[in-house]
Amino acid sequence: MTALTERMKDGLDAPICITWELTYSCNLSCVHCLSSSGRRDPKELTTEEAFRVVDELRDMQVFYVNIGGGEPMIRRDFFEIVEYATSSGVGVKFSTNGTYIDAATAQRLAAMEYLDIQISLDGADAATNDAIRGEGSYDTAMTAMRHLKDAGFGEFKISVVITRHNIAQLDEFKAIADEFGAQLRITRLRPSGRAVDTWEELHPTLDQQRTLHQWLLGHGENVLTGDSFFHLNALGESLPGLNLCGAGRVVCLIDPIGDVYACPFVIHDEFLAGNVRDDGGFAAVWRTSDCFTELRGPQSAGACASCGSWDACQGGCMAAKFFTGLPLDGPDPECVGGDGEYALASAGAIPRPSGDHSKPVAVQLGRRSNV
Amino acid sequence: MLDSPLKLHPSVALRPEPFGALAYHYDNRRLIFLKHPTIVDVVKDLAQHPDLRSTLSAHGIDEQQWDNYDKAICSLIESDVVVAR
């Protein structure tokens, strides 16, 4: 643990990086969606309100935001907001499923500055991907990537959430990224949003986690991870990155209705710090909210206190623990020492995420015959 | 590097932090941590002096430490935060 990391645990005056979900609306219904997206929320920020958020981020010198959703490109003012941000010196990286990137849009995107794109792909073939992201979504993503390549966008990102079913495809994902001149980014599956119900069958096994650790060590900084696998550091050699949970300390989430949460994976009242519409705006929430102040205080290692790997893994991911019913001061459910599995056997009730914006399941209505 | 005329890359923004500063490079979208307040002052001031040596001297930095500053600046040149002018 370096002095710098220690400092970050106390929190910074402004976040290093913010995830900003622009809408809960989405044309897909991925089974692991961390924000349970599908339908727009009527309380979503207006264009003007979004501009005010950008103004605050500019004033706080937040250098870039990760825009997501839902599918952010569904918003009609998507380009307006992105252009307002980049021209204010707030760089944008946005995540998309690629549906709305046709040849013309790709050219428009390629002409913009301070803009980075992340295409979501959860399988290196259609069968693996579509099982998670829905029928046809693999072809959609590949088409979008081809458009970006043809438009000369440059090095965009391919973003993969690692699951039990795609972890054997790491080399194939890398090959796809190389083919498009893109950079591969792989992140950890959290039991958040709709994944609260699918995590158990999708999260990698312990053996697979060991393979992943080795693979990541072999690829170094060429493969991005958003520092999301620091729980694997307990396996030995540390992965590149800050090795700390940044929730409320160096990162946070602004959701589509302006609610500010500690991180993108904890959309739950327990981690709700305030709203950008409150007096004092986002800055006040970041600097003075009780929720974030508490996260920046000393954290107990709890049941992990006597484990020799604590310095390496820091007890893992807060969101992963919370949404599997584990205490926050104990092992991560995917603890590579095996303590998570043991803890899960006696875990408490699993909290439900605060909002569910999933699209309603279509049911066939029939006439009642005997009324 | 002590005799080189240097400057902060025009696409790099610095945000003051308790530990020093956070540098963001708008061209390659990289974040770099400057882990000491004095190095931040030196980097900001590079363009005002003929070379690194005179910048260090103007900031009253002990000559015995110049080697360390030289190394720190070299690593910032590698990450394109500091460039020749």
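The values are calculated or read from the model by the stated rules, or taken from the named source; none is laboratory data. These numbers were taken from a predicted model, which means no experiment stands behind them. Glycine gets a Cβ as well: all are built from the backbone with ideal geometry, and neighbour counts include every protein chain shown. Surface accessibility is based on the protein's heavy atoms, side chains included, excluding ligands, DNA and RNA. Shrake-Rupley method; radii C 1.70, N 1.55, O 1.52, S 1.80 Å.
Observations on the model:
- Neighbouring Cβ atoms from other chains, within 10 Å of the Cβ of residues in B:22-30, number 4 on average.
- For the pair A:Thr187 and A:Glu80, label points projected 7 Å from Cα toward Cβ lie 2.7 nm apart.
- Residues in region B:1-22 reached by a label modelled at B:Ala84 [backbone nitrogen below 18 Å; 7 Å Cα→Cβ]: B:1-10
- Taking the charge dipole of region A:172-297 about its Cα centre, with +1 at Lys and Arg Cβ atoms and -1 at Asp and Glu Cβ atoms, the residue from A:His268, A:Pro204, A:Asn222 reaching farthest to the positive side is A:Asn222.
- Karplus-derived 3J(HN,Hα), 6.51/-1.76/1.60, for each residue of region B:65-73, Hz, glycine and proline x: 9, 4, 4, 4, 5, 4, 4, 4, 5
- Region A:172-230 and region A:276-312: distance between their alpha carbon centers, rounded to Å: 26 Å
- Accessible area, probe 1.4 Å, largest first, for residues A:Ser346, A:Ser358: A:Ser346, A:Ser358
- Burial ranking of peptide ranges A:272-284, A:61-73 (average Cβ count within 10 Å, highest at the top): A:61-73, A:272-284
- Spatial separation of Cα centroids for region B:10-59 and region A:47-107, in angstrom: 29 Å
- Reciprocal of mean inverse Cα separation for chain B (Kirkwood radius, Å): 12.7 Å
- Reciprocal of mean inverse Cα separation for the protein assembly as shown (Kirkwood radius, Å): 23.4 Å
- At R0 = 51 Å, FRET efficiency that the Cβ-Cβ distance of A:Arg277 and A:Glu201 yields, to 0.05: 0.85
- Helix-only arithmetic for chain A: the sum of -39500 (n - 2.57) across DSSP H runs with n ≥ 4, divided by the residue total, places the mean residue ellipticity at 222 nm at -9000 deg cm²/dmol.
- 3J(HN,Hα) along region A:153-160, derived from phi through the Karplus expression 6.51 cos²θ - 1.76 cosθ + 1.60 where θ = phi - 60°, amounts to 4, x, 7, 7, 10, 10, 10, 10 Hz, with x in place of Gly and Pro.
- 5 Å binning of all Cα-Cα separations within region A:42-166, expressed as whole percents from 0 upward: 2, 11, 19, 22, 18, 13, 10, 4, 1, 0
- Heavy-atom accessible surface that B and A bury in contact, both chains counted, 1.4 Å, Å² to 100: 1500 Å²
- Per residue, chain B exposes 51 Å² of solvent-accessible protein surface, assessed with a 1.4 angstrom probe and all protein chains in place.
- Amide hydrogen proximity for B:His9: with H placed 1.01 Å from N in the peptide plane, the residues at 5 or more positions away or on another chain lying under 5 Å are B:Val82, B:Val83.
- Equivalent-ellipsoid semi-axes of region A:187-341, from the Cα gyration tensor, Å, largest first: 28, 16, 16
- Taking the Cα centre of chain A as reference, the dipole from Cβ charges on Lys and Arg (+1) and Asp and Glu (-1) amounts to some 600 debye.
- Cα-derived Rg to Rh of region A:281-371, Kirkwood definition: 1.24
- Estimated FRET transfer efficiency when R0 is 30 angstrom, pair B:Arg30-B:Ser57 (beta carbons, to 0.05): 0.50
- Nonlocal amide H pairs with A:Lys157, under 5 Å, H built at 1.01 Å: A:Ile117, A:Gln118, A:Ile119, A:Gln183
- Spatially proximal aspartates and glutamates relative to B:Lys35 (Cα-Cα < 13 Å; intrachain offsets below 8 disregarded): A:Glu6, B:Glu17
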